[in-house]
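The values are calculated or read from the model by the stated rules, or taken from the named source; none is laboratory data. Owing to the predicted nature of the structure, the values given are computational and were not obtained by experimental measurement. Don't worry about glycine lacking a Cβ; one is built from the backbone with ideal geometry, like all the others, and counts go over all protein chains shown. Ligands, DNA and RNA are excluded from the accessible area calculation, which covers all protein heavy atoms including side chains. Shrake-Rupley method; radii C 1.70, N 1.55, O 1.52, S 1.80 Å.
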Amino acid sequence: MQSATAHAHETLGHDSHGDHAHHHDVSFIRKYVFSTDHKVIAKQFMLASLFFLFVGGLFALLIRWQLAFPGEAIPLIGNILPDTWVSDGAVTANFYTQLLTLHGTVMIFYVIIPLAVGMFGNFCIPLMIGTDDMALPRLNMYSFWLVPPAGLIMLTGFFFDSGAAAAGWTGYPPLGPSSGAGQTTWLISLFLIGFSSIMGATNYMATILNKRAKGLEMFQMPLTIWALFITAILIVLGTPVLAAAISMQLADQYLHTSFFMPDNLLIGAPDNSLLTGSFVQKGNELLEHKQLLGGGGQPILWQHLFWFYSHPAVYIMILPGMGIVSDVLATFARKPLYGYKAMIFAIMAIGFLGFIVWGHHMFQSGMNPLLGTTFMLSTIVIAVPSAIKIFNWLGTIWRGNIRFTSANMNALAFIATFIIGGLSGVFMASAPVDIYIHDTYFIVAHIHYVLFGGALFAIFSGIYYWFPKMYGKMLNESLGRKHFYWSFIFFNLTFYPMHLLGVGGHMRRIYNPYIYEFLQQYQPLNQFITVAAIILGFSQFILIFNILWSLKYGKKAPRNPWQANSLEWAAPAHPGHGNFDTDIQVYRGPYEFSHPDRETDFYPQWEKPKDEPQGDEKAVPETKEHSQSA
Amino acid sequence: MSFDFSKAMEWAYKDMLTFFPENVSTFGGELDSLFAMVYYASVAIFFITYSILIAFIIMYRHQEGRKAYYYHGNNLAEFTWTLLPTFLFAGIGLVSDDAWTKSKYSQRVPNPDVTIDVMGFQSGFGWQFRYPGPDGVFGNKVRNQISSANPFGIDSNDVHGKDDLVIISPGGARPVEAHLPINKNVLVNLSSNDVLHSFFLPNFRVKQDAVPGQWIKVWFNGTKAGRYEIACAELCGSGHYNMRGLLIMDSHQDYDVWLDQQYKLQKPVLSAPVSDSSAVAAVASDTTTTKN
Ligand code: HEM
Ligand SMILES: [Cu+2]
Ligand SMILES: [Cu+2]
């Protein structure tokens with residue numbers, strides 16, 4: 001351990017050098033705005049997505065307020081919001097539906113995916129495979145710069161008279177195509193962000209396959225990289241299908257096609273008056289619109305296409321997190337990752353099976369129930385690799401020497417919440433059990449256990465873990481711990497009771513549940529959830545404060561603050577363009593912690609074996625061969 | 001605004017299974033016990049994995065001078081914990097299938113004693129029900145005769161359609177009741193003329209999306225007379241929350257009495273053509289087109 005600190009000190013000089021090396025020949029704009037440096041792009045993804053996290057969080061709290069205190073003015077802001085959104089300071093049904101639609105869409109497409117894939121993909125891949133940048137840096141820059149316009153396009157919907165998209169994050173037709181301009185912005189926005197995903201993913205695949213450091217075999221890459229690699233494949237295979245579906249829905253809206261629209265629809269609620277394209281006004285009444293053209297479309301086709309992308313998308317959101325958690329756990333348990341290859345095969349299995357389970361979202365949709373049986377079985381199979389991963393993580397901390405850094409606490413929390421999210425998945429995987437809980441708060445609980453408890457906690461973990469390498473400063477651990485405890489406790493208080501509501505039959509996406517007599521008894525529970533959610537929301541400011549405080553006053557980070565093994569820690573503490581100041585040669589896998597023949601409890605991938613490599617014989621035979629030939 | 005914390009906490013201590021509303025259908029019990037089975041298996045897995053997780057966190061917390069065990073894993077262990085969950089989950093799948101096919105496969109829908117048509121509607125948000133009328137036979141449905149006055153598109157040339165009973169129930173606080181008899185196999189043909197809805201009978205454990213352009217068979221057999229709520233479970237627009245309906249389960253005699261009453265009240269849908277817009281307005285103003 002001593003030698004590590006010494007090593008870190010000795011290289012501080014290099015750091016400042018690395019940092020300033022390119023300062024003079026690159027303009028501010030090229031360096032910080034339209035940069036092609038993967039690390040700058042990663043930071044841009046982080047900033048943009050944290051911004052959207054607060055936007056999406058605000059929507060969530062408005063939703064929660066209405067469920068707890070329906071019709072009562074929103075505190076503080078209720079009376080300053082425009083009349084199209086609120087009446088007497090309380091959200092209207094119409095606005096509520098827009099909020100729940102954009103909450104889901106923003107969180108999934110503008111927070112979790114850009115953080116898990118955009119930010120960590122960009123930051124980790126070149127550094128962890130020991131190279132200077134992405135294979136296609138300019139494509140990388142485009143992939144980020146599609147995100148802000150795409151997000152803003154969708155949010156502009158709120159300023160239309162007819163409002164933002166309001167057909168749910170799933171945008172099911174006929175509701176989707178029969179609604180107004182807000183839906184159009186939603187479709188365009190998703191199309192653009194999908195494009196951004198595809199550009200990023202192609203780049204990740206090209207980089208991982210072609211730019212690994214000397215001696216780095218595929219099966220010596222850290223799990224984070226493996227997970228991002230498989231994620232990239234899922235993105236490239238899945239997103240085009242979403243793009244096709246979106247184009248078809250746009251065509252139904254404007255080009256008089258009817259991919260998803262059967263004939264003779266009577267559509268047009270009074271407050272839904274902005275109908276477009278294929279709908280024609282009849283008589284003087286705005287109340288009725290009759291579709292005159294086309295017909296013969298099938299609403300369920302959209303669901304097949306949408307979920308063919310969106311089920312793999314849930315793994316796009318969670319796989320990077322699983323990779324991060326594996327690396328963080330091994331580093332802080334000071335132990336090799338348990339079952340390295342099994343973990344990789346499990347990710348591959350999830351990636352493959354992820355494409356044949358989409359129908360579990362459609363058990364009640366009206367598709368042939370025979371397919372329900374098929375999808376039930378495939379869904380049940382996909383729970384197995386998830387279970388394998390849980391056991392291997394437990395195996396990793398078994399007989400470890402666990403350090404409770406903020407990064408590691410978030411990783412441990414990931415395991416805890418993912419167990420619950422995985423188990424609730426098994427309920428819904430059973431098609432007959434799903435009949436009753438489908439489209440209730442049980443689903444909402446499941447989503448949040450896997451996406452907030454799972455993906456987001458893993459993202460937090462990754463932020464605490466790599467922040468030193470991103471900014472050259474350590475995050476404040478005591479603030480980190482506070483952020484963790486508040487988030488973890490209030491996360492569970494917010495989302496666990498939603499399982500109970502779901503079993504009580506509480507439907508999701510309803511503006512005022514208390515219209516129903518059987519739901520009136522649940523108002524106190526809804527209020528409890530809302531209070532917990534507000535605290536959970538405000539706890540996130542601790543993270544923001546920590547980031548800002550540490551950027552200014554944080555301790556300077558050493559080169560390898562966590563005494564970890566993977567290649568990013570060989571780079572200077574705050575690497576400049578080009579990343580590494582030494583030639584990287586890889587000698588072993590990333591998880592050689594607590595090797596019995598070594599004094600220190602870690603053995604970096606880049607460290608040259610001593611002349612007499614007795615202890616390493618088993619671990620690195622291929623590497624030695626490789627280095628000779630190189 | 002009031003927030004009763006103790007009331008909220010009362011809920012939080014209750015077992016998940018106690019949250020189910022009363023079940024009043026024949027196959028509902030089977031679905032509930034499947035849920036309970038998965039629930040108990042999950043509780044067991046939860047306690048096992050959480051005990052291990054917490055024990056490891058405590059036992060192997062950082063101690064100065066201790067070195068972790070250098071160990072990369074073990075194939076036998078991988079094998080075991082691949083197979084165990086596979087068997088467990090596959091078991092759940094296998095025992096689930098019968099309940100699934102029974103409730104959803106059209107081949108397994110029992111011979112219906114009563115058949116009705118149901119549609120969700122979006123202009124005003126509510127439910128439409130069609131009973132076959134005194135002759136016991138539904139009129140043909142023709143898609144191009146669908147209008148808001150004739151939402152089911154009953155063929156004006158079909159004599160069987162003249163006496164069909166149509167009930168239009170706007171959602172909200174005072175829906176128009178639909179009645180059905182208990183201890184009978186009820187077949188509901190479900191559809192919609194506008195967007196997706198989902199026909200949700202919490203007490204009967206029935207849920208099925210209503211899809212425009214498609215008639216889907218839903219069946220159940222109610223076991224207890226009473227007044228039950230119908231909900232919509234699929235987002236159908238800003239009035240989605242308001243799509244409350246009421247289903248009254250009657251004894252067979254009460255049901256017949258109710259039907260007779262309705263037949264006397266009703267004005268056949270097809271005999272007096274009304275203009276589209278006034279019919280829609282009637283729906284919106286909380287009355288039914290069949291009762292005036
Ligand atoms: C053990 C593994 C899992 C199983 C068996 C499983 C199963 C299911 C099933 C059957 C549904 C549909 C339920 C319904 O709508 O009635 C569902 C919904 C969902 N799952 Fe999972 N799931 C698993 C893991 C995950 C993971 C890891 C994520 C995300 C990271 C995830 C995200 C979602 C989301 C977002 C939905 C709801 C989509 C919506 O309707 O809005 N699930 N899951
Ligand atoms: Cu899924
Ligand atoms: Cu609805």
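7 Å from Cα along Cα→Cβ at both A:ILE29 and A:GLU599: what's the point-to-point distance in nm?
Reported label-point gap for A:ILE29 and A:GLU599 is 5.4 nm.
What FRET efficiency do you get for B:ASP4 and A:PHE545 if R0 is 30 Å and r is their Cβ-Cβ distance, rounded to the nearest 0.05?
Once rounded, the FRET efficiency stands at 0.35.
Just give the residues from region A:405-452 buried by at least 50 square angstrom of accessible area in the all-chains context relative to the isolated chain, probe 1.4 Å, and say none if nothing qualifies.
Buried-area filter returns A:ILE419, A:LEU423, A:VAL426, A:PHE427, A:PRO432, A:VAL433, A:ILE435, A:TYR436, A:ASP439.
List the pairs from B:LYS141/B:LYS162; A:LYS335/A:LYS556; A:LYS211/A:LYS335; A:LYS39/A:LYS211 whose alpha-carbon separation is above 24 Å, in the order I gave them.
Beyond 24 Å: A:LYS335/A:LYS556; A:LYS211/A:LYS335.
Counting only residues 5 or more places away or on other chains, whose amide H sits under 5 Å from the amide H of A:THR440 once H atoms are built in the peptide plane?
Distant-sequence amide H within range of A:THR440: A:ARG508.
Pop a pseudo-label 7 angstrom from the Cα along the beta-carbon direction at both A:LYS610 and A:PHE160 and give the gap in nm to one decimal.
Distance between label points: 7.0 nm.
Along region A:360-370, what does the Karplus equation 6.51 cos²θ - 1.76 cosθ + 1.60 (θ = phi - 60°) give for ³J(HN,Hα), rounded to whole Hz, x for Gly and Pro?
5, 7, 10, 3, 9, 7, x, 6, 3, x, 4
How far apart, in nm, are the 7 Å Cα→Cβ label points at A:PHE538 and A:PHE404?
Inter-label distance under the simple model: 2.6 nm.
For every other residue with a beta carbon closer than 9 angstrom to the beta carbon of B:LEU201, add +1 if it is Lys or Arg and -1 if Asp or Glu, then tell me the sum.
Local net charge: +1.
Between beta-carbons, use under 15 Å as the cut-off and find the net charge around A:PHE528, counting Lys and Arg +1, Asp and Glu -1.
For residues surrounding A:PHE528, the net value is +1.
What's the extension gain from A:LYS552 to A:TYR485 if we count 0.36 nm per residue and subtract their Cα-Cα distance?
The A:LYS552-A:TYR485 span can extend by a further 21.7 nm.
Take the alpha carbon gyration tensor of region B:21-107, find the square roots of its eigenvalues, order them as a ≥ b ≥ c, and report rounded if a/c is under 1.5; if not, report prolate when a/b exceeds b/c, else oblate.
Oblate, since a/c reaches 1.5 and b/c is not below a/b.
Roughly how big is chain A's charge dipole about its Cα centre, with Cβ charges of +1 (Lys, Arg) and -1 (Asp, Glu), in debye to the nearest 20?
740
At a probe size of 1.4 Å, how large is the accessible area of A:ILE388, to the nearest 10 Å²?
That residue has around 20 Å² of solvent-accessible surface.
For B:LEU94, project a label point 7 Å along Cα to C-beta. Then give me every residue of region A:359-401 with its amide nitrogen under 15 Å of that point.
A:377, A:381
So for chain A, averaging the separation of alpha carbon pairs under 8 Å that are six or more residues apart and normalising by length, what relative contact order in percent results?
Relative contact order, chain A: 17 percent.
Run the accessible area of region B:118-266 with a 1.4 Å probe and give the carbon-and-sulfur part as a rounded percent.
It is 49 percent, rounded to a whole number.
Please give the calculated 222 nm ellipticity per residue for the protein assembly as shown, where each DSSP H segment of at least 4 residues contributes -39500 (n - 2.57) and the sum is spread over every residue; nearest 500 deg cm²/dmol?
-16500 deg cm²/dmol
For a quick check of understanding: with a 1.4 angstrom probe and all protein chains in place, what accessible area in square angstrom does B:THR26 have, to the nearest ten?
B:THR26 exposes around 80 Å² with every protein chain in place.
Just going by the charge dipole of the protein assembly as shown, with Lys and Arg at +1 and Asp and Glu at -1 on Cβ, which of B:GLN63, B:GLN214, A:VAL328 is farthest out on the positive end?
In the protein assembly as shown, that residue is B:GLN63.
Rounded to the nearest 100 Å², what's the accessible area chains B and A bury against each other, both chains counted, probe 1.4 Å?
9600
Excluding A:PHE593 itself, what net charge comes from residues whose Cβ is under 12 Å from its Cβ, given Lys and Arg +1 and Asp and Glu -1?
That works out to +4.
Using the beta-carbon distance between B:GLN261 and B:THR223 and R0 = 22 Å, what value does 1/(1 + (r/R0)^6) give for FRET efficiency, to the nearest 0.05?
So the FRET efficiency works out to roughly 0.35.
May I ask you to derive the FRET efficiency for A:TYR254 and A:LEU152 from their Cβ-Cβ distance with R0 = 22 Å, giving the value to the nearest 0.05?
Calculated transfer efficiency: 0.55.
Amide H to amide H, which residues 5 or more places from A:THR84 or on other chains are under 5 Å from it, using H placed in the peptide plane?
none
Could you work out the relative contact order of region A:352-430, using alpha carbon pairs under 8 angstrom and six or more residues apart, expressed as a whole percent?
37
Rolling a 1.4 Å sphere over the protein heavy atoms, what is the accessible area per residue of the protein assembly as shown, to the nearest Å²?
36
With an 8 Å Cα cut-off and a minimum separation of 6 or more residues, compute the relative contact order for chain B in percent.
That works out to 20 percent.
Where in region A:158-177 does accessible area fall by at least 30 Å² between the isolated chain and the complete protein assembly, at a 1.4 Å probe radius?
So the qualifying set is A:TYR172, A:PRO174, A:LEU175.
Given region B:111-286, what percent of its DSSP beta bridges are antiparallel, to the nearest 5?
Around 70 percent of the beta bridges assigned by DSSP in region B:111-286 are antiparallel ones.
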